[in-house]
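A short worksheet on the structure shown next.
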Amino acid sequence: MEQAIRAAEPHRERSPALAEMVQSARAALQHARSAAAAAAAAAVPSASTAAAAAAEEENRRAAELAASRKNAERQAAEAAAAADTMRREREEAETAAQQLWVATAAAADDVSRLQVEQERAAELVQQISIRKALAAAAVVRLGAEEEAAQVDVDRLGGLRCAAEADATRLQAQQAHADAVAAQCLADEEEAAEAAEAVAAVAERLRLEEEAAYYTLRLQHVQSQLGGGGGGGPPAVEAASTSAPPASDAHAELCVVCVDARKDRAMMPCGHMCACEACAAELLKMAPPRCPICREDIRGVMRVFT
């Protein structure tokens, strides 16, 4: 019986009925112990006379104690069964609470998703409203563009007529330009012929200029050789046949007068070939040319040696 009470002791706080049964079993066990102790105390002074009555009473009490123990064991078994039932119910309650918590969390997630979906729906509604407004504005703009396009079509019609008139005028101008081009070709041919004639005249003038230059030089040489009174080519021939061979001193003489010492250089060719007087005479010629290379003279430079 004590073992049954000890087995039911941890579960007495979970069930009031189990606690009451454990308390009654404990009281019965205590009463049985007290009765056994009282019987043992009474049996000491009258052991010889009341042995049978004591034994009978002891048997009766033992039977009651056995009945009480059986009752307590039965109550302990019932308490254990009730404890198992309560444990199963508690586990089921905990499982239900866990499921309820999971369902609550899922419901909270669903609420959050629903709020997000509602916000998205509101944004979509706002976007649809904006697009509707943009579409209305686009319709208005397309109407204006259509009117502008019609105006452009009308203007293009006028421009087409003007372009046709311009094409006709351009054709006339092209014909005139062709005539002018033909005239220009004829003028170019005439200009080419005139250029050839000018070139021929220029060549003839160049030859005449060279002849005049050499004539001037010949006259100057004749004046130097014959005192200015000799006449013409015989004196030149005599001078040429009687002239001494060239020397270093002769190389320093002016190539024009062959008398004075040359100290003037023609520019830009750089030939030092004339004296001061002959260089001044060369600059007076039209155009002035170098007596050595026949290049145009732009200036004369004195050379100190």
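Each value in this text was obtained by applying a stated rule to the coordinates, not by laboratory testing. All values reported here derive from a predicted model rather than from experimental measurement. Because the Cβ atoms are built from the backbone with ideal geometry, glycine has one as well, and the counts that use them run over all protein chains shown.
A compact table of results
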{"read-out": "Amide H partners (placed H, <5 Å) of Cys273, local residues excluded", "value": "Arg264, Met266"}
{"read-out": "Within-15-Å neighbourhood charge of Cys278 [Cβ basis; K, R +1; D, E -1]", "value": "+2"}
{"read-out": "Integer Hz, Karplus 6.51/-1.76/1.60 couplings in order for the range 281-295, x for Gly and Pro", "value": "5, 5, 5, 7, 6, 10, x, x, 10, 6, x, 8, 10, 6, 7"}
{"read-out": "Estimated inter-spin distance, Phe304 and Glu92, nm [label 7 Å along Cα→Cβ]", "value": "14.1"}
{"read-out": "D_trans [Stokes-Einstein, Kirkwood Rh over alpha-carbon pairs] for the range 120-188, 10 °C, 1.306 mPa s, µm² s⁻¹", "value": "93"}
{"read-out": "Whole-Å semi-axes of the ellipsoid equivalent to the range 244-305 (Cα gyration tensor, √5λ, descending)", "value": "20, 12, 10"}
{"read-out": "In sequence order, calculated HN-Hα J values of the range 165-170 (Karplus, 6.51, -1.76, 1.60; Hz; x Gly/Pro)", "value": "5, 5, 5, 5, 5, 5"}
{"read-out": "Per-residue Cβ neighbour rank within 10 angstrom, fewest leading, Ser24, Ser129, Ser68", "value": "Ser129, Ser24, Ser68"}
